[in-house]
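K.L.:
Can you keep this structure in mind? I'll have questions shortly.
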Amino acid sequence: MNLVPDAFQDLFHDSTINAFAVIATVTPNGIPVTTPIWFLADEDTILFSAALNSVKHHNIQANPSVSLCVMTENNHVRYVEVRGQVTEITREGWSEFSRRIKQKYPGGEDPSNTTPPNTAIFKVTPSKVFAFDYS
């Protein structure tokens, strides 16, 4: 993840299985909503999946601005906040996304070559990153 300081890159590696994010979206009438998610990171985007009838999707359609707080299960005082926009919602690439998620989060659903009905991959393009370590 290009914008993340080197000392925090580990939070974004596929091998960091206990890393998760809390995503914040905003309802059309301005109420913030947060949800924990599993995620993947590429050089310049963060990927997660969600149902196309979910509150997340509804909120993102109205306002694509999101914030993600990325941390590990065992250290909540070392984290990265990523602010950005959902720049793409796609059903393409599910096989690779599914394979990587299963490797990162053992115990998740078996990888699938077919996108589940009513599900998509959301791509977040970061614009600002803030890193904190209070440990």
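The values are calculated or read from the model by the stated rules, or taken from the named source; none is laboratory data. What you are looking at is a predicted structure, and each value in this text was computed from that prediction instead of being measured. All Cβ positions, glycine included, derive from the backbone under ideal geometry; neighbour counts span all protein chains shown. Heavy atoms of the whole protein, side chains included, go into the accessibility calculation; ligands, DNA and RNA do not. Shrake-Rupley method; radii C 1.70, N 1.55, O 1.52, S 1.80 Å.
K.L.:
Among the listed residues T16, T87, identify the single one that is among the polar types (S, T, N, Q), part of a strand (DSSP E or B) and either open to solvent by less than 30 Å² (accessible area, probe 1.4 Å) or without any contact (Cβ under 8 Å) to a residue 60 or more places away in the chain (or both).
P.N.:
Answer to the selection: T87.
K.L.:
Same structure, new question: Find the residue count for segment 19-58, including only residues that are open to solvent by 90 Å² or more (accessible area, probe 1.4 Å) and of a type in the set (D, E).
P.N.:
So the answer is 2.
K.L.:
Just to verify a result, which residue in segment 115-135, among those that are of a type outside the set (S, T, N, Q) and out of contact with any strand residue (DSSP E or B) (no Cβ under 7 Å at 6 or more places or on another chain), is surrounded by the fewest Cβ atoms within 10 Å (Cβ to Cβ)?
P.N.:
P117
K.L.:
Okay, moving on. Is it fair to say P111 is surrounded by fewer than 14 Cβ atoms within 10 Å (Cβ to Cβ) and modelled with pLDDT under 95?
P.N.:
Considered against the rule, which asks whether it is surrounded by fewer than 14 Cβ atoms within 10 Å (Cβ to Cβ) and modelled with pLDDT under 95, P111 comes out as no.
K.L.:
On to the next question. Name the single residue, out of those in segment 3-13 being outside any loop (DSSP other than H, G, I, E, B) and in contact (Cβ under 8 Å) with a residue 12 or more places away in the chain, that is surrounded by the fewest Cβ atoms within 10 Å (Cβ to Cβ).
P.N.:
Checking each candidate, the answer is A7.
K.L.:
Let me ask something else about it. Of everything in segment 23-42, what is under 20 Å from Y105 (Cα atoms) and either touching a strand residue (DSSP E or B) at 6+ places or on another chain (Cβ under 7 Å) or modelled with pLDDT under 95 (or both)? Give them in sequence order.
P.N.:
I23, T35, P36, I37, W38, F39, L40, D42, listed by residue number.
K.L.:
Something else: Which pairs turn up if I take residues in segment 112-135 that are in contact (Cβ under 8 Å) with a residue 60 or more places away in the chain and assigned to a strand (DSSP E or B) and look for partners that are open to solvent by 60 Å² or more (accessible area, probe 1.4 Å) and of a type in the set (S, T, N, Q) with beta carbon separation below 8 Å, at least 6 apart in sequence or on another chain?
P.N.:
Close Cβ pairs (under 8 Å, with a partner that is open to solvent by 60 Å² or more (accessible area, probe 1.4 Å) and of a type in the set (S, T, N, Q)) amount to K123/T87; V124/Q85; V124/T87; T125/Q85; T125/T87.
K.L.:
Now, a different point. Going residue by residue through segment 29-37, is there one that turns out to be without any contact (Cβ under 8 Å) to a residue 40 or more places away in the chain, closer than 18 Å to Q103 by Cβ and not hydroxyl-bearing (S, T, Y)?
P.N.:
Looking for residues that are without any contact (Cβ under 8 Å) to a residue 40 or more places away in the chain, closer than 18 Å to Q103 by Cβ and not hydroxyl-bearing (S, T, Y), one finds at least one in segment 29-37, hence yes.
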